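This report concerns only the one structure given below.
Every read-out reported here was derived from the displayed coordinates using simple, explicitly stated rules and does not represent laboratory data. Since the model is a prediction, treat every value here as computed from it, not as a measurement. Ideal geometry is used to build each Cβ from the backbone, glycine not excepted, and the neighbour counts take in all protein chains shown.
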Amino acid sequence: MSAIRKAILLAGGRGKRLGAFTAHTPKPMLEVAGAPIIAHLLEALAQAGIERAIVVTGYLGEQIEEFCRRFERERGELAITTVRQPVLDGTGGAMLAAAACIEAEESFVFGWGDVLMDHEFYRRFIMQASTLDYDLLLAVNRVKDPYAGAAVYVDAEMRVERLVEKPPPGASTTNWNNAGLFASNAAFIEYVRRLKPSPRGELELPAAISAMIEDCRIVRAVELRGFWSDVGTPEDLAAARKLFKPSTDPR
């Protein structure tokens, strides 16, 4: 793998579980530690050596788009392209909206635009993504029970054997959770193009990852250490506002 310089942030979702918090504000624009969540993500990517970010927007997307223009103008070190997801049909649809920005054979990182983690992890993850052999690399974090996210089953060498999205509470025999940060290349886009709507009517990226595993593609996991939150509920938001400490001021 060569050095990775491009990232995609999928930031179009509604954040329904946050209720009134996202009634007039998209989830990535909720403030934590003095700045919007997406500001922390863009700052962490820039610190990690990313030169161009593609931000996919949807719900109340104009707020994110305006913020990205201001961030790029004021900070300068990170070029930002915003792409509007035409239909909010899941993370797979968001990735397809960004597909035109990916060159053939180009490696890139991608992730959810509403997940907070220690800035230093981005640097370590992108460094490993630039050196390891894989078709897809994903970050995982340890939790008591991954029922709220996706259970990730790995072998002794951290090669992913199975991914189970939203397993029933208590059903998982792994403590690894999909942390929402990935690296791959244009070949992954082809798996996304093959997606069929899930029972929820959405195109879901975990299904594309599972298809790669079934095809015996090399899918590896990297452990995330330190702070992590998907800020999915009002309780998560309160905890993030109390505990998250960015390494630099992203404003």
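Provide the packing ranking of 236-245, 49-58, 30-39, i.e. peptides ordered by the mean count of other C-beta atoms within 10 Å per residue, highest first.
Per-residue Cβ counts within 10 Å, averaged per peptide and sorted highest first, yield 49-58, 30-39, 236-245.
Using alpha-carbon positions, what is the distance between the centroids of the stretch 152-198 and the stretch 206-244, in Å?
Each part reduced to its Cα centre gives a spacing of 10 Å.
Based on the Cβ-Cβ distance from THR81 to ASP236, what FRET efficiency comes out when R0 is 22 Å, to the nearest 0.05?
The computed FRET efficiency comes out at 0.15.
Over the stretch 28-106, what is the percentage of antiparallel beta bridges among all DSSP beta bridges, to the nearest 5?
The antiparallel fraction comes to roughly 25 percent.
Peptides 4-10, 184-190: what's the order by average Cβ count within 10 Å, highest mean first?
Output ranking for 4-10, 184-190: 4-10, 184-190.
Could you check the spin-label model distance between ARG69 and ALA23? Points 7 Å from the Cα along Cα→Cβ, value in nm.
Output for this residue pair reads 2.8 nm.
Tell me which lysines have Cα within less than 16 Å of LYS166's Cα, excluding those fewer than 8 residues away on the same chain?
LYS144
Can you figure out the FRET efficiency of ASP155 with ALA3, using R₀ = 41 Å and their beta-carbon distance, to the nearest 0.05?
The value I calculate is 0.90.
Using 5 Å bins from zero, what percent of all Cα-Cα pairs in the chain falls into each bin?
P(r) for the chain, in whole percents per bin: 1, 6, 14, 19, 22, 19, 12, 5, 1, 0.
Grab the DSSP H runs of the chain that are 4 residues or longer, score each as -39,500 (n - 2.57), total them, divide by all residues and round the 222 nm result to the nearest 500 deg cm²/dmol.
When only DSSP H runs of four or more count, the value is -8500 deg cm²/dmol.
If you take every DSSP beta bridge whose two residues both sit in the stretch 6-243, what share of them, in percent to the nearest 5, is antiparallel?
50
Which ³J(HN,Hα) values in Hz, rounded to whole numbers, follow from the phi angles of the stretch 213-222 under the Karplus curve 6.51 cos²θ - 1.76 cosθ + 1.60, where θ = phi - 60° and Gly and Pro get x?
Calculated HN-Hα couplings, in order: 4, 4, 7, 6, 6, 7, 10, 10, 10, 10 Hz.
What is the distance, in nm, between label points placed 7 Å from the Cα along the Cα-to-Cβ direction at CYS216 and at GLU106?
Each label point is offset 7 Å from its Cα along the Cβ direction, giving 3.2 nm.
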